[in-house]
Every structure is written in C-alpha cells, then in structure tokens.
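Engineer: Dropping a structure here in structure tokens format, bear with me for questions.
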Amino acid sequence: MILRIEDTDQSRLVEGAVENLLKVMKHVCIEFDEGFYLDENNTVQEKGAFGPYLQSLRLKLYQKYARELIEKKNAYYCFCSQQRLDELRKEQTALKKPPMYDGHCRNLSPEEIQTKLAEIKSNGKNPVVRFAIPKEGKTVIHDLIYGEMTYENKLLDDQVILKSDGFPTYHLAVVVDDHHMKITHVIRGEEWIPSTPKHILIYQALGWQPSQFAHLPLILNPDKSKLSKRQGDVAVEDFLAKGYLKEALINFVAFLGWNPKTTQEIFSLEDLIKEFDLKNINKAAPIFDTNKLDWINSQYIRAKNSGELVNLALPYWEQQGINTESYARGFLTAILEVEKSRLKTLSEIGERTKYFFQLPAYEAGLLTWKKSTPQDVKAKLLEIHDLLKQMDDEELKEQNKLEAKIKSVIAEKNYDTGSVLWPMRAALTGLPASPSPFEVVSVLAHGPGKDEILRRLKLAADKI
C-alpha cells in the first residue's frame, strides 16, 4: 500500500493536510509500505524506490509524456479561451447534449499550431494539452467489482491532460505514476468509472499495460445522499474525538460495502486482513449507519481491559472539569468496570459519571418509590445508613456480599425491594437511572470511601 500525494490541483492545497493524514493513519495503526510516513519525531519522511511520491515534484515526467503523446498524434494543443468553452457548454446544455469539447483545435495544421503557439507564448501564457480520444471503436473496462463495462469512444470527451500552468490533470498524472510505480491494483470510488476508459486509452497510447481496477460503491447518508462534510462529521478525527475506538472504526468501515458471508461482525484488523477478498464487495451503495457504529464501538469498549480504558477516558473526564490526578487509579478503574457495559462512546463517560466525583444535586421527590410515604422513605434511608456504617471499606467494595446482606434484610422484614433500593440509589447518584446501588457503593468505596457514602444517605434523609 502506497501513499502518494496527488497535489496537482494547486488551488485545493490545505496547509498541514499531509501531516494530519499521517497522524490519523498512525493512530489507527495503518502503515504504508511506500511513500510518506512520520518518523519518531512526527516529521514527514519518504521511503520507497519509486519516488518522489509528491506529484508536484514530478512535473517534468508528466510534461515529457504529454509531448510524446502530441508527437504520436494522441494529444494536441488547445488554444480555446475560457469564454469560448463557456459558450460551448451553454449551447450544448440548451440543446440537451452532454457538455464536451467539440474538437475545435484537434485538426489544426502544423503551421496554424506554430502560429498560435508563438502568439500565446508572446503573451506569457501556454496552451493546454488535450488527449485525442479515438473517434471509432470501443474501450472495455475489466473491473474486479463491476465486471466488464464497454464504452463507445465517440462518446468520450477529449479531456485536458496538461494545464496551462504546466501541471497535469488527474488523468495523465495517475496513469504515468501508476506505470512508473508499478501499481498492480487501483481501488477507488465508483465515481471514477466514467474516467477509466480514458485512462485505459492513455495507457494504450503510451504502450503500457494498465493496472487492475476495482471500483467501490460510494458510502451514502441514511437519506441516500452522498456522504459529505456538509451533512455532518465524516473525518476520522471527528469520530476519534467523540470517543470511538480506532479498532471499532476500522471494523465498521471495513463492513461498509464488504461482507465476509458469515454472521460474525466483530473483526480485528488481523481478522480483516485474513478474510478480506475483493470478490465479497457488494455493488450496492452502503449506508453509513451511526447506530451500527455505536453498537460495534460498544462491543469493543466492553472487551477492553478496564485499566486500559482509564487511559482512554481521562481526556473526557478532564473535559467535564474533573481533575483525575487527584483520584486513585483503582477508583477510576472501578468506575470503568461498572460503566463500560453501558457506554456507546467514551465521550459519554464524563457526563455519565459526574456523581462519583461530586455530591449530586436533585429534588427530594426523586427519592420516593411509587406510593411510598416520605416517612417510609426517610426511615429506609436511615436504616441503610446504619447498616453500612457497621461495615468497613473493604466489605463495601465487595458488591456481591453487600447485595446479599441488604437483600437479606429486605426479605427478613418483608420490605418491597423497590422501596429500599430506589431511594438508596437516588441518594447516591441523584439520577433517575444509573447502575445499581450495590455497584455505586462498591465504586465509591474504592474512592472517597465509606464516609462519603454515609454522607449522601444522611443528606438524602435530611431532604425529607
């Protein structure tokens, strides 16, 4: 896999784009065999025997082959002004014809060409070079996904292959580079299928063997529109920032348009490498389903070691103003152990677990279970308070023993389970929905300890 930077459209250059792309790829553990990479100092370097891998440094090579095509009569200089081309397009559109160049400069005599070249160069300008598509015959694409596709040459446009600034267009540059870099497979989006017969004709004109082509169906939004930045986040960095794990993103993206023909849905990168086959790519455009991504991400979060998850969760706690350095590692790990099965993304961790770090604020009404009276709620809270007061932190950490002890009291006194556990949980978390009170007590026992647990129960009783 080769990272070649195609920067021939100078108007679309973005400062730092290469470094950003490499950082993201490095983060998700995808490495390139040739081309650009980041060294240990995060400096962009280049490796491989077929460089330079930056197209703007290969201009003389493209210009050489443009001249060769002109000499072979497979390309020609075009002197048409932008005004003429705009008028031609308007006229063709009005007649409901496909807009394409009319070949105005294709059959100029050698004398006319020399005259026009001298004239345009005297004004400090250069003509563009167009590829001369054969007027007869057909061009066949042998695509590894879509199979055999045939195009009539007369319907293809005489595309510009060298611009007036000396830079090639995509069509010439990729053919030259793919040949010189010995590219075996070109795997790209299906929007490039209409351009492929033109590329094959350039290969043939230069006497080269084309690479194999595999065009992939485009990823769509749920409304069937093309996935686009205009409709929300589509950059890898955006998803990483939201707390999606790199392993989950790779797994999810691999399944967009590809299927291993099994019921298995969770694949490591190693699994994907082993199972992947171009034959199993679907032609139908896949839908970018965020709900599916959430599910896959949740599976990876659950499978992670809680200690490892702590490191990944730290930035999201910090975003909520929680100074994690002031808490014991065991406390943070205990929080993840309880919460990880409920998380879709790591970014949820900060908001979901605030009550572990700070005293919860809530209305007294939250403490009441169904038809319980305030007096009954208060009595149950104080009873739990006194029961836990007799236990030490180590006992409180043992969730199963704590649960057994409280439930035995509930059974012994014939209490309604909800009338005890609901106010206990609400007092500890201040939330209508949260982990069980036994889980919460166990986690708090790993951090602020028994005093904090008793304080919350007492404060809740005092609210009534």
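The values are calculated or read from the model by the stated rules, or taken from the named source; none is laboratory data. Only a predicted model underlies this, so the values are computations on that prediction, with no experimental measurement involved. Note that each Cβ is placed from the backbone with ideal geometry, even for glycine, and that neighbours are counted across all protein chains shown.
Engineer: Please work out which one of (1) in the same structural domain as residue 177 (by TED's automatic domain parsing); (2) within 24 Å of residue 176 (Cβ to Cβ); (3) surrounded by 14 or more Cβ atoms within 10 Å (Cβ to Cβ); (4) free of Cβ contacts under 8 Å to residues at least 60 places away in the same chain is the condition residue 92 fails and give its number.
Structural biologist: (2)
Engineer: Next question. So how many residues does the range 25-54 have that are of a type in the set (A, V, I, L, M), within 21 Å of the chain's Cα centre (by Cα) and surrounded by 15 or more Cβ atoms within 10 Å (Cβ to Cβ)?
Structural biologist: To start, the set of residues in the range 25-54 that are of a type in the set (A, V, I, L, M) comprises 25, 28, 30, 38, 44, 49, 54.
Those left that are additionally within 21 Å of the chain's Cα centre (by Cα): 25, 28, 30, 38.
Cutting the leftovers down to surrounded by 15 or more Cβ atoms within 10 Å (Cβ to Cβ) gives us 25, 28, 38.
Residues that pass the stated criteria total 3.
Engineer: Then there's this: I'm trying to understand the selection: among the residues of the range 202-258, which are under 17 Å from the mean Cα position of the chain (by Cα), of a type in the set (A, V, I, L, M) and in a helix (DSSP H, G or I)?
Structural biologist: From the range 202-258, those under 17 Å from the mean Cα position of the chain (by Cα) are 216-222, 226-258; that's our starting set.
Right, trim to of a type in the set (A, V, I, L, M) and you get 216, 218-220, 227, 234-236, 240-241, 245, 248-250, 253-254, 256.
Residues satisfying the conditions are 236, 240, 241, 248, 249, 250, 253, 254.
Engineer: Here's something else I'd like to know. Has the range 280-302 got at least one residue that is outside any helix (DSSP H, G or I), of a type in the set (A, V, I, L, M, F, W, C) and exposed (fewer than 14 other Cβ atoms within 10 Å of the Cβ)? Full working, then the answer.
Structural biologist: Step one: of the range 280-302, the residues outside any helix (DSSP H, G or I) are 281-289.
Pick out the ones that are also of a type in the set (A, V, I, L, M, F, W, C) and you get 281, 284-285, 287-288.
Now drop any that are not exposed (fewer than 14 other Cβ atoms within 10 Å of the Cβ), which leaves 284.
There is at least one residue in the range 280-302 that is outside any helix (DSSP H, G or I), of a type in the set (A, V, I, L, M, F, W, C) and exposed (fewer than 14 other Cβ atoms within 10 Å of the Cβ).
Engineer: On to the next question. Identify, please: which residue in the range 115-152 is acidic (Asp, Glu) and not in a loop (DSSP other than H, G, I, E, B) and is, among those, modelled with the lowest pLDDT? Lay out the reasoning, then the answer.
Structural biologist: Our first condition is that a residue be acidic (Asp, Glu); within the range 115-152, this holds for 119, 136, 143, 148, 152.
Right, trim to not in a loop (DSSP other than H, G, I, E, B) and you get 119, 143, 148, 152.
Values: 119: 93, 143: 96, 148: 96, 152: 97.
Selected residue: 119.
Engineer: A follow-up question, please. Answer yes if at least one residue in the range 351-371 is among the small types (Gly, Ala, Ser), under 23 Å from residue 339 (Cβ atoms) and either touching a residue at least 40 places away in the same chain (Cβ under 8 Å) or in the same structural domain as residue 455 (by TED's automatic domain parsing) (or both), and no otherwise. Walk me through how you get there before you give the answer.
Structural biologist: So the first thing to find is which residues in the range 351-371 are among the small types (Gly, Ala, Ser), and the list is 361, 364-365.
Retained after the next criterion (residues that are under 23 Å from residue 339 (Cβ atoms)): 361.
Restricting the remaining residues to those that are either touching a residue at least 40 places away in the same chain (Cβ under 8 Å) or in the same structural domain as residue 455 (by TED's automatic domain parsing) (or both) gives 361.
Yes.
Engineer: On to the next question. Restricting to the range 363-385, name every residue that is assigned to a loop (DSSP other than H, G, I, E, B) and touching a helix residue (DSSP H, G or I) at 6+ places or on another chain (Cβ under 7 Å). It would help to see each step written out before you state the result.
Structural biologist: Taking the range 363-385 and keeping what is assigned to a loop (DSSP other than H, G, I, E, B), we get 363, 368-373.
Matches in the range 363-385: 368, 369, 370, 372.
Engineer: Can you name the residue in the range 383-435 that is among the hydroxyl-bearing types (Ser, Thr, Tyr) and free of Cβ contacts under 8 Å to residues at least 60 places away in the same chain and is also surrounded by the most Cβ atoms within 10 Å (Cβ to Cβ) among such residues? Before the answer, list the steps.
Structural biologist: Let us first name the residues in the range 383-435 that are among the hydroxyl-bearing types (Ser, Thr, Tyr), namely 408, 415, 417, 419, 429, 434.
Checking the rest, the ones that are also free of Cβ contacts under 8 Å to residues at least 60 places away in the same chain come to 408, 415, 417, 419.
Values: 408: 10, 415: 16, 417: 12, 419: 20.
Ranking the qualifying residues of the range 383-435, first place goes to 419.
Engineer: Could you list, in sequence order, the residues of the range 231-258 that are modelled with pLDDT under 95 and aromatic (Phe, Trp, Tyr)?
Structural biologist: 239, 255, 258
Engineer: Just wondering, is there one or more residues in the range 167-183 that are in a helix (DSSP H, G or I), within 19 Å of residue 99 (Cβ to Cβ), out of contact with any helix residue (DSSP H, G or I) (no Cβ under 9 Å at 6 or more places or on another chain) and of a type outside the set (D, E, K, R)?
Structural biologist: Keep residues of the range 167-183 that are in a helix (DSSP H, G or I), which gives 170-180.
Pick out the ones that are also within 19 Å of residue 99 (Cβ to Cβ) and you get 170-171.
This time we only want the ones that are out of contact with any helix residue (DSSP H, G or I) (no Cβ under 9 Å at 6 or more places or on another chain), so: none.
No, every residue in the range 167-183 fails to be in a helix (DSSP H, G or I), within 19 Å of residue 99 (Cβ to Cβ), out of contact with any helix residue (DSSP H, G or I) (no Cβ under 9 Å at 6 or more places or on another chain) and of a type outside the set (D, E, K, R).
Engineer: Evaluate the range 7-14: report whether one residue or more is among the hydrophobic types (A, V, I, L, M, F, W, C) and touching a strand residue (DSSP E or B) at 6+ places or on another chain (Cβ under 9 Å). Reasoning before the result, please.
Structural biologist: Residues of the range 7-14 among the hydrophobic types (A, V, I, L, M, F, W, C): 13-14.
Those still in the list that are touching a strand residue (DSSP E or B) at 6+ places or on another chain (Cβ under 9 Å) too: none.
Among the residues of the range 7-14, not one is among the hydrophobic types (A, V, I, L, M, F, W, C) and touching a strand residue (DSSP E or B) at 6+ places or on another chain (Cβ under 9 Å), which makes the answer no.
Matching residues to (1) in contact (Cβ under 8 Å) with a residue 40 or more places away in the chain; (2) surrounded by 15 or more Cβ atoms within 10 Å (Cβ to Cβ); (3) out of contact with any Gly (no Cβ under 9 Å at 6 or more places or on another chain):
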| position | (1), (2), (3) |
| --- | --- |
| 69 | yes, yes, yes |
| 73 | yes, no, yes |
| 88 | no, yes, yes |
| 150 | no, no, yes |
